[in-house]
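The values are calculated or read from the model by the stated rules, or taken from the named source; none is laboratory data. What you see is a predicted model, and the numbers here were worked out from it, not measured in a lab. A quick note on method: Cβ atoms are made from the backbone with ideal geometry, for glycine too, and the neighbour counts reach across all protein chains shown. Areas reflect the complete protein model, heavy atoms only, side chains present, ligands, DNA and RNA absent. Shrake-Rupley method; radii C 1.70, N 1.55, O 1.52, S 1.80 Å.
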Amino acid sequence: MNKILVKKCLNPTVTLMVVDAPLVARKAEPGQFIILRVDENGERIPLTVADYDREKGSVTIIFQVVGATTEKLNHLNEGDFIHDFVGPLGRATHTEGLKKVAVVGGGVGCAIAYPVTKKLFEQGAQVHAIAGFRNKDLVILEDEFASHSTKFIRMSDDGSWGEKGLVTDALKKLIESGEQYDEVITIGPLIMMKFVCRLTKEYGVKTIASMNPIMIDGTGMCGGCRLTVGGKTKFACVDGPEFDGHEIDFDEAMARGRTYQDFERHAFEEACNLFKEAK
Amino acid sequence: MPNMAPKKNPMPSQAADVRNHNFQEVALGYTAEMAIDEAKRCLNCKNHPCVSGCPVRVAIPAFIREMAEGNFETAYQVIARSSSLPAVCGRVCPQETQCESKCVRGIKGEPVGIGRLERFAADWHNANSTQKPQKPASNGHRVAVIGSGPSGLTCAGDLAKMGYQVTVFEALHLAGGVLVYGIPEFRLPKSIVQKEINTLRDLGVQIETNVVIGKTITIDELQQEYGFEAVFIGSGAGLPKFMSIPGENLKGVYSANEFLTRINLMKAYQPGSDTPIQHGKRVAVVGGGNVAMDAARCAKRLGADVTIVYRRTEAELPARREEVEHAMEEGIVFKFLTNPLEILGNEQGWVSAVRCQEMELGEPDASGRRRPVPKEGSEFTLDLDCVIMALGTSPNPLIKSTTEGLETQKWGGIIADENTGLTSRPGVYAGGDAVTGAATVILAMGAGKNAAAAIDEYLKSK
């Protein structure tokens, strides 16, 4: 059981929680994830570590309410307990030796893009952060990105925040203007990462994408999180969650991600009704 | 006078066409009368060869003698001296290749039903005994056990009985390892596993769930910072193997580990569980081991027509005979000498069929079994909506990759002394599937038991 120390709504569907988890906080690194269960009959879901405080022994998670489990999680408040919270899992982002990096985040993926942006910036790298949201109401972590990057480019689908356009437009512009990156790191919706990787492949810029497939145990046992990378089956929980973006079969990952879509929609509606009745 | 009936008392069971619709236990257990009658079949022979067939060396004739007298609690206590998990072993041990294979009654007729008697004694104890085990006086030494499956629980139980302070670290949210995530409810009810684990808790064993050794805490930290004087690694089997054929990542293709974990650990078959599972209509399970049988029988209970696809013949099936028979009775179809070549999908990316090839047996391979070779022009297609791959596992990389100086085999298994479980790291022992690759519950228990004895010797001489 892990206590929720802080709960903050970042936008209408995205919530930040700081969770008391000293053992996880001691080891967590950007790029890694935790697995949680909200209650006794809950499913296990992976969430990427958004921040950690080794001294206070806390780990920050940021999640979007997309299904029954995140809806239930969002109903917990400061002082409540999360039933199970285990980690840190997966491999940390490789940041060593990187001098100049573009970090491309989309939507709630920016929550995961932030810790690596911060780490790179703090180790003295030039960091160009590109964040994309559908509109200004959905923006999260703006100040954090602004203060931990050498250049921060804001993009929105409707132009209500920063420039109108896609993150790939911004990245393309930077590359074409002569910016040379050791690496591009991209975290966000699969379709966005697919197009970021397609773009950088054209320009021959190494790109790392952070994958978030369906998982159960998260420790290398069930094989549910498998992906095809470079024609080989890889397991996101122990081989990843980050992979060479030019080698990932994104179309397959997108299809696999939709395995339980119907079930999820139904469960989500049930969970919502449950909370409505409770009120 | 011993009971000279040539056959075992049959095990009362749920009827096949009833049980294949529910997850309740298949075997119902002996009555007291049946148990006493069966116990009397034991000749109490001088050499008690049965004991040599038991990896944890239960004093089999001694407990059976008590059973014959109706002293069920005493019988249980005799078993419990050697086994930390009697109710589990009575259910899932392959007695036919172990204790019962050595029974002299088996020469002319069927051996004594040792497993069935063990099960009865354990169930009788669980139902009737209010006596909690005595917590032994602590000897002040601390031992860490990684993994709460059969090897870890056995090692922890034996050490606790000797007075060691034992902490078991479990990566999942529930203790039991393969006993809770792998073996289905209808073969091993989870309430029984919980009772066995509670017994260990009463002995003073601490169980820490949600801790992944190799990630949350390393083995070095356990030894240096947490003050554990010895460590036992019983982290179990690892990542599921696939065939590397096209279509294996289509929706509706599961590893047996994933399929069984969703059902057993996450209770996806029960209303009220948040974990989803696909209820396939036509399911193929690829493989012929116990895990394949478990997956097939679970899929059947979820309402599917199930086919087991195996590339050799019935004679080579690695699963226990009893499990194969149960599966056949329950209406599972076996397609022998059949090998999948490709999994086909529909437009939405779901499995729609498997293209297979017929095989025939050729020359024996390295394992001594005749190698299946493809028959030319024998390809055919099975229409399906779900495929479960039950092809075994390869070891989990987490501990190996974070423990310097821990030597492993080329295929990834931890190298450990056969008799003691000692690894290449002083004070670090290992056993079970993490060392041998996928094997049985009782072999893992045997390894846990041997390691407990070796750890005791090591710490005493330190």
Averaged across the residues of B:398-405, what count of C-beta atoms belonging to other chains lies within 10 Å of each residue's C-beta? 1
Of all C-alpha pairs within chain A, those more than 33 angstrom apart amount in percent to 18 percent
With θ set to phi - 60°, apply the Karplus curve 6.51 cos²θ - 1.76 cosθ + 1.60 along region B:51-61 and write out the HN-Hα couplings as whole Hz, x wherever there is a Gly or Pro. 4, 5, x, 9, x, 10, 6, 5, 6, 4, x
Quick one: grab the alpha carbon gyration tensor of region A:78-161, order the square roots of its eigenvalues as a ≥ b ≥ c, and give me rounded if a/c is under 1.5, else prolate or oblate depending on whether a/b is larger than b/c. oblate
Would you mind getting the Kirkwood hydrodynamic radius of chain B from its Cα pairs, rounded to one decimal in Å? 23.3 Å
Alpha-carbon centroid distance for the pair region B:40-77 / region B:158-230, whole angstrom: 29 Å
By the mean-Cβ-within-10 Å protection proxy, highest first, B:237-249, A:257-269 rank as B:237-249, A:257-269
Tell me, what ³J(HN,Hα) does each residue in region B:217-229 have, in order and in whole Hz, if you take phi through Karplus 6.51 cos²θ - 1.76 cosθ + 1.60 with θ = phi - 60° and put x for Gly and Pro? 9, 9, 5, 4, 5, 4, 6, 8, 9, 8, x, 7, 7
Diffing region B:89-105: the Karplus 3J(HN,Hα) column from phi (6.51, -1.76, 1.60, θ = phi - 60°), in whole Hz with x for Gly and Pro, holds 4, x, 9, 10, 5, x, 4, 5, 9, 10, 3, 5, 5, 9, 5, 5, 5
Say the cut-off is 18 Å between C-alpha atoms; which of A:201/B:251; A:136/A:201; A:119/A:151; A:100/A:172; A:99/A:206; A:3/B:267 go over it? A:201/B:251; A:136/A:201; A:3/B:267
Would you mind giving the mean number of other chain beta-carbons within 10 Å of the Cβ of each residue in B:149-155, as a whole number? 0
Placing unit charges on C-beta atoms (Lys and Arg positive, Asp and Glu negative, everything else neutral), compute the dipole magnitude of chain B about its Cα centre in debye, rounded to 20. 820 debye
How far apart, in nanometres, would the label points at residue B:104 and residue B:22 be if each is projected 7 angstrom from Cα along the Cα-to-Cβ direction? 4.3 nm
Tell me, what is the 1.4 Å probe accessible area of residue B:164, in Å² to the nearest 10? 10 Å²
Pulled fully out, how much extra length does the chain show between residue A:203 and residue A:273, if you take 0.36 nm times their separation in residues and subtract their Cα-Cα distance? 20.3 nm
Chain A, Gaussian network, Cα under 10 Å: of A:66, A:229, A:139, the residue fluctuating most is A:66
Report, in debye and to the nearest 20, how large the dipole of the protein assembly as shown comes out about its Cα centre when Lys and Arg carry +1 and Asp and Glu carry -1 on their Cβ. 1120 debye
Rounded to the nearest 20 debye, dipole of region A:20-64 from Cβ charges on Lys, Arg, Asp, Glu: 160 debye
Kirkwood Rh over alpha-carbon pairs of region A:7-144, then Stokes-Einstein at 25 °C and 0.890 mPa s: what D in µm² s⁻¹, rounded to an integer? 158 µm²/s
Of the listed links B:281/B:335; B:335/B:410; A:27/A:232, those spanning more than 26 angstrom between alpha carbons are B:335/B:410; A:27/A:232
Once you order the gyration tensor axes a ≥ b ≥ c over the Cα atoms, which shape class does region B:116-226 get: rounded for a/c under 1.5, otherwise prolate or oblate by comparing a/b with b/c? oblate
What are the residues whose amide H is under 5 Å from the amide H of residue B:371, where those residues sit 5 or more places off or on another chain and H is modelled from the backbone? B:362, B:363, B:365
Highest average packing first - B:267-279, B:8-20, Cβ atoms within 10 Å: B:267-279, B:8-20
Give the cross-link partners of residue B:46 among the lysines, using a straight C-alpha distance below 16 Å as the criterion and excluding same-chain residues fewer than 8 apart. B:102
Pick out, in residue order, every one of the GluC sites (Glu not before Pro) in region A:176-217 that is DSSP loop and has at most 16 other C-beta atoms within 10 Å; say none if there are none. A:179
Given 10 Å bins starting at zero, what is the percent of C-alpha pairs of the protein assembly as shown in each, up to the one with the largest pair distance? 3, 13, 22, 24, 19, 11, 5, 2, 0, 0
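Partner chain Cβ atoms within 10 Å, averaged over the residues of A:247-255 - can you pull that number for me?
2
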Sorted by chain and then number, the residues having a modelled amide H within less than 5 Å of the amide H of residue B:255, at least 5 places away or on another chain, are B:389
Find which of B:21, B:34, B:56 sits farthest along the positive direction of the dipole of region B:1-133, computed with +1 on the beta-carbon of Lys and Arg, -1 on that of Asp and Glu, about the Cα centre. B:56
